[in-house]
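Trainee: Before I ask anything, let me first share the structure, which is written out below as structure tokens.
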Amino acid sequence: MSVPVMTVPGELRTGETTAAVRAAGLRKTYGTGETAVHALAGVDVTFAAGEFTAIMGPSGSGKSTLMHCLAGLDTATAGEVWLGDTPLTSLRDDQLTVLRRRRIGFVFQSFNLLPVLDARENIVLPLQLGGLRPDPAWFDAVIARLGLRERLGHRPHELSGGQQQRVAIARALLPRPDVVFADEPTGNLDSRSGAEVLGLLRSSVKETGQTVVMVTHDPSAAAYADRVVLLAGGRLAGDLADPTAESVLDALRGLGA
């Protein structure tokens, strides 16, 4: 039986809207009664297609919870999330699994590479799990952009932290997802490797129109983004366009961070 080739970009199923992902009235509560923690307390937010957006806020502000709900990794207590025009909150678990595999890319602080697989095998694994083969031309383009051609046969322990994160970015970009979610992607990297990774994420937006939503605590990292969404106490607390490290730091100070 032949395996289909992944050749069509993960185009937005948005009709006339340019939103890659959006939320309305999003609430997430852990626990009940007096011990309940309201991680998200009614968030309305839209992330435009083809933009690099950073989510920031003080510790406990709900930024990681928001990203997990937007990406279908966690279930909201109330409210709605749409990926394009697809309502995530109404999908079954098996439908969410397929959607995440084909339309969402993930880059995490801990890389999440399988140690028994080499770089090439780690990169193509999500497509293989979905019964797809990568488009060879797109695979070559991604590998060339990330400078991984000489490292494809190496296992994770044979790669530097920066190289491992490049592999993770390649894995996220290969299915041509609607959105790449990056959770503290430079948290385990030195400053030079972190700057390289952020530059690669930014170039994927500018050169290919990829949508990237990143959670970070670092104002310098947020300065790579086109926009910064600020959270405090599980609610939206600000929105910065064309951020700089200084403007982000000032905004965080205003939130008491």
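Trainee: Just want the answer: with Cβ charges of +1 for Lys and Arg and -1 for Asp and Glu, which residue in Leu159, Leu40, Ala71 is farthest toward the dipole's positive end in the chain?
Mentor: Result: Leu159.
Trainee: A further question on this structure: For region 53-166, state the average projected area of the convex hull of the C-alpha atoms over all orientations, rounded to one decimal in nm².
Mentor: Details: hull surface 36.5 nm².
With every direction weighted equally, the projected area is 9.1 nm².
Trainee: With an 8 Å Cα cut-off and a minimum separation of 6 or more residues, compute the relative contact order for region 102-257 in percent.
Mentor: Details: 229 pairs, mean separation 37.0, N = 156.
Reported relative contact order: 24 percent.
Trainee: Turning to a different aspect of this structure: Each label point is 7 Å from the Cα along the Cα-to-Cβ direction; what then is the distance between the points at Thr46 and Ser110, in nm?
Mentor: Taking the two extended label points, one gets 3.6 nm.
Trainee: Can you tell me the dipole magnitude for the chain around its Cα centre, using point charges on the Cβ only (Lys, Arg +1; Asp, Glu -1), in Debye to the nearest 20?
Mentor: Details: 25 positive and 28 negative charges, 93 e Å.
Around 440 debye, computed over the chain.
Trainee: What translational diffusion coefficient, in µm²/s and rounded to a whole number, does the Stokes-Einstein relation yield for the chain at 25 °C and a viscosity of 0.890 mPa s, taking the hydrodynamic radius as the Kirkwood radius over Cα pairs? Working shown, then result.
Mentor: Values: Rh = 18.7 Å.
The Stokes-Einstein estimate is 131 µm²/s.
Trainee: While we're here: Sort 222-230, 111-119, 31-39 for me by packing, meaning the mean count of neighbouring Cβ atoms within 10 Å per residue, highest on top.
Mentor: On the way: 222-230: 23.1, 111-119: 16.0, 31-39: 10.7.
Put in order of decreasing packing, that is 222-230, 111-119, 31-39.
Trainee: Once you have the Cα-Cα distance between Thr29 and Arg92, take 0.36 nm times their residue separation minus that, and quote the gain in nm to one decimal.
Mentor: Numbers: separation 63, 0.36 × 63 = 22.68 nm, distance 2.05 nm.
Extra length available between Thr29 and Arg92 comes to 20.6 nm.
Trainee: Now, a different point. What is the distance, in nm, between label points placed 7 Å from the Cα along the Cα-to-Cβ direction at Ala141 and at Ala245?
Mentor: Label-label distance for Ala141 and Ala245, simple model: 3.3 nm.
Trainee: Let me ask you something else. Hey, can you rank 61-67, 182-188, 19-25 by average C-beta count inside 10 Å, highest first? Let's see the in-between values first.
Mentor: Numbers: 61-67: 23.4, 182-188: 21.9, 19-25: 20.3.
For the peptides 61-67, 182-188, 19-25, the packing ranking is 61-67, 182-188, 19-25.
Trainee: Antiparallel versus total DSSP beta bridges in the chain: what percent is that, nearest 5?
Mentor: 50
Trainee: Okay, moving on. Students often get this wrong: which residues of region 120-134 have the backbone nitrogen under 14 Å from the point 7 angstrom along Cα-to-C-beta of Leu152?
Mentor: Zone members listed by number: 120-125, 134.
Trainee: What is the packing order of peptides 199-212, 235-248, taking the mean over residues of other C-beta atoms within 10 Å and listing the highest first? Don't skip to the end; give the middle numbers.
Mentor: On the way: 199-212: 18.0, 235-248: 15.8.
Ranking the peptides 199-212, 235-248 by packing returns 199-212, 235-248.
Trainee: Using the alpha carbon gyration tensor of region 138-257, what are the three equivalent-ellipsoid semi-axes (square root of 5 times each eigenvalue), largest first, in whole Å? Numbers along the way, then the final one.
Mentor: Values: eigenvalues 165, 48, 27 Å².
Taking √(5λ) for each Cα gyration eigenvalue gives 29, 16, 12 Å.
Bear in mind these aren't lab numbers, they're just calculated from the coordinates by the rules spelled out. Just so you know, these numbers come straight off a predicted model, no measurement behind them. All Cβ positions, even for glycine, are placed from backbone atoms using ideal geometry, and neighbour counts span all protein chains on display.
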